[in-house]
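Report on the structure given below.
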Amino acid sequence: MNPAALIPTPGAIQVPWGWFEFLLLLTFILHLLLMNALVGGAVICTVKTLRGQGGSAAVHDHALRLPTLLALTVNLGVAPLLFVQVLYGSFIYSSSILIAWWWLAVIGIIIAAYYGLYVYDFRFQRLGNGGRLFLILGPTLLLLFTAFIYVNNMTLAATPDRWFAYFKAPDGTLLNLGEPTLAPRYLHFMVAALAIGGLAQALVWERKRCKGAADEAQAAEHVASGLRWFFRATLAQLAIGAWFLFSLPRYLYMNFLGKEQLDTLLLGVGLVLTLASLHFARKGRVWPTVWTAVATVAVMAGLRDLLRQAYLRPYFTPGDLQVAAQYSPLVLFAVSLVIGLALVGYMLKLWLKANREGE
Ligand code: HEM
């Protein structure tokens, strides 16, 4: 049977696909950065607690931020979810149905993790190392598992030829475990999360140091430790990234090794940015490390998108979607976005002012 027969016919879109692609990429990059700070922060707390440093100021600072990071990760996940459904709905809806139980479980898993992170934060001061480990381990594992379900869904959405597995597990309990790229892709995302989690720690303590809000020596130690997490994880990423690349079918990885100009150029830029971020982290320069790391994440998100398009090319290209030329919903969306951002900015201003007055 031809996999194309399993793919639902997509509906028309309101405006040319480039608009949605741009918004998808933009919001996905924000989702990814927040998710990395969240998952990386949670893993760092767990590892430090395992080493007996669960009560350190750096861990406490992570603990305070993790619930907010989770809320923001979810919020900034909704936007790319909408855009990806607009462009790749035939694929993402289908794969979500095939793994339905896992996909629906994500809601409960995230709520449980959220609750756990709040308890960890609220009880932090009153607990010993063992209690803290008990409270952070659960949410960390739940978050790592959530990411695993996402990677299953995203890889399944890109490979309709694997959808036939449904006929062996038609009850919605399928996972894409036979997919050769699953493990390296998952590790690629999670090791990136460790790096960005470490970098977030370095950034927070660098800002505290500049503002004189923390003891100079203590802040310097937490900056250095955050940068070490970033450096080591990014170094490991050079090997994991290569594993991921060569786990792809040859006709796909060759796109990044000279066959397609844009793909090859982006991979080259991504590698140069990675090396630059490693250099800055080694030198202890926080802000240049942050900018080069954020740029690397943005470039990698672009590469991931090109990879999805290459995967789906035998069946579909977003450029083929019918355009109904109705610009008013997009205009309404843009106006709401600007008003929403202005309100969030105003809220943050009030919050910062209240914090300053409270100090
Ligand atoms: C809080 C826990 C979460 C974690 C750890 C997480 C992790 C991830 C990871 C690892 C990916 C990349 C998967 C891949 O490409 O193989 C991803 C993609 C994605 N996530 Fe999240 N996620 C979380 C929550 C959410 C939520 C709640 C939403 C939506 C409401 C969401 C929306 C998305 C979307 C739409 C993508 C794919 C975008 C695209 O394909 O362009 N995420 N997430």
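The values are calculated or read from the model by the stated rules, or taken from the named source; none is laboratory data. Just so we're clear, the structure is a prediction, and the values are computed from it rather than from any experiment. Positions of Cβ are backbone-derived with ideal geometry, glycine not excepted, and every protein chain shown enters the neighbour counts. When the accessible area is computed, the model is the full protein with side chains, heavy atoms only, and any ligands, DNA or RNA have been set aside. Shrake-Rupley method; radii C 1.70, N 1.55, O 1.52, S 1.80 Å.
Once the Cβ-Cβ distance between Tyr346 and Phe167 is put in as r, and R0 is 56 Å, what FRET efficiency do you end up with, to the nearest 0.05?
Numbers: r = 54 Å, r/R0 = 0.96.
Result of the calculation: an efficiency of 0.55.
For Lys168, list the aspartates and glutamates whose Cα falls under 17 Å from its own Cα; do not include residues on the same chain fewer than 8 positions away.
Glu179
Give the long-range amide H neighbours of Ala158: residues separated by 5 or more places, or on another chain, with amide H under 5 Å away, using H modelled in the peptide plane at 1.01 Å from N.
none
Could you calculate the contour length gain from Tyr93 to Trp243, that is, 0.36 nm times the residue separation minus the distance between their Cα atoms, to one decimal place in nm?
Values: separation 150, 0.36 × 150 = 54.00 nm, distance 2.88 nm.
Value of the extension gain: 51.1 nm.
What's the extension gain from Gln261 to Arg51 if we count 0.36 nm per residue and subtract their Cα-Cα distance?
Numbers: separation 210, 0.36 × 210 = 75.60 nm, distance 4.66 nm.
Between Gln261 and Arg51, full extension yields 70.9 nm more.
Quick one: Karplus J couplings for region 77-85, per residue in order, coefficients 6.51, -1.76, 1.60, θ = phi - 60°, nearest Hz, x for Gly and Pro?
x, 5, 4, x, 5, 5, 5, 5, 5
Using Cα atoms only, what is the angle between the long axis of helix 261-282 and the major principal axis of the chain, expressed in degrees (0 to 90) to the nearest 10?
10
What full-extension length gain, to one decimal in nm, is calculated for Leu82 and Ala325 as 0.36 nm per residue of separation minus the Cα-Cα distance?
Additional length available on full extension: 85.6 nm.
Which value, in debye to the nearest 20, gives the size of the charge dipole of region 153-310 about its Cα centre, when Lys and Arg are +1 and Asp and Glu are -1 at the Cβ? Mind showing how you got there, number by number?
Details: 16 positive and 10 negative charges, 61 e Å.
Once rounded to the nearest 20, the dipole reads 300 debye.
Using a probe radius of 1.4 Å on heavy atoms only, what accessible surface per residue do you get for the chain? Whole Å² is fine.
On the way: 18300 Å² over 359 residues.
Normalised by residue count, the accessible surface of the chain is 51 Å².
If you place +1 on the Cβ of every Lys and Arg and -1 on the Cβ of every Asp and Glu, how big does the dipole about the Cα centre of the chain come out, in debye to the nearest 20?
On the way: 26 positive and 16 negative charges, 173 e Å.
So the magnitude is around 840 debye.
What ³J(HN,Hα) values, in whole Hz, does the Karplus curve 6.51 cos²θ - 1.76 cosθ + 1.60 give for region 306-314 when θ = phi - 60°, with x put for Gly and Pro?
3J(HN,Hα) across region 306-314, in whole Hz: 5, 5, 4, 4, 5, 4, 8, 3, x.
Once neighbouring chains are kept in place and the probe is 1.4 Å, which whole percent of the accessible area of region 13-332 is contributed by carbon and sulfur?
Values: 10190 of 14920 Å².
Here it works out to 68 percent.
Compute the angle between helix 100-123 and the longest alpha-carbon principal axis of the chain, please, reported from 0 to 90 degrees and rounded to the nearest 10.
10
To the nearest 20 debye, what is the magnitude of the charge dipole of region 298-359 about its Cα centre, counting +1 on the Cβ of each Lys and Arg and -1 on the Cβ of each Asp and Glu? Numbers along the way, then the final one.
On the way: 6 positive and 4 negative charges, 17 e Å.
In total the dipole reaches around 80 debye.
With springs connecting C-alpha atoms under 10 Å apart, model the chain as a Gaussian network and identify which of Val43, Val119, Val86 has the largest mean-square fluctuation.
Val119
Using the Karplus curve 6.51 cos²θ - 1.76 cosθ + 1.60 with θ = phi - 60°, what ³J(HN,Hα) values do you get for each residue of region 36-49, in whole Hz, with x for Gly and Pro?
5, 5, 5, 5, x, x, 5, 5, 4, 4, 4, 5, 5, 5
Any idea what angle helix 182-211 forms with the longest principal axis of the chain, computed on alpha-carbon atoms, 0 to 90 degrees, nearest 10?
40
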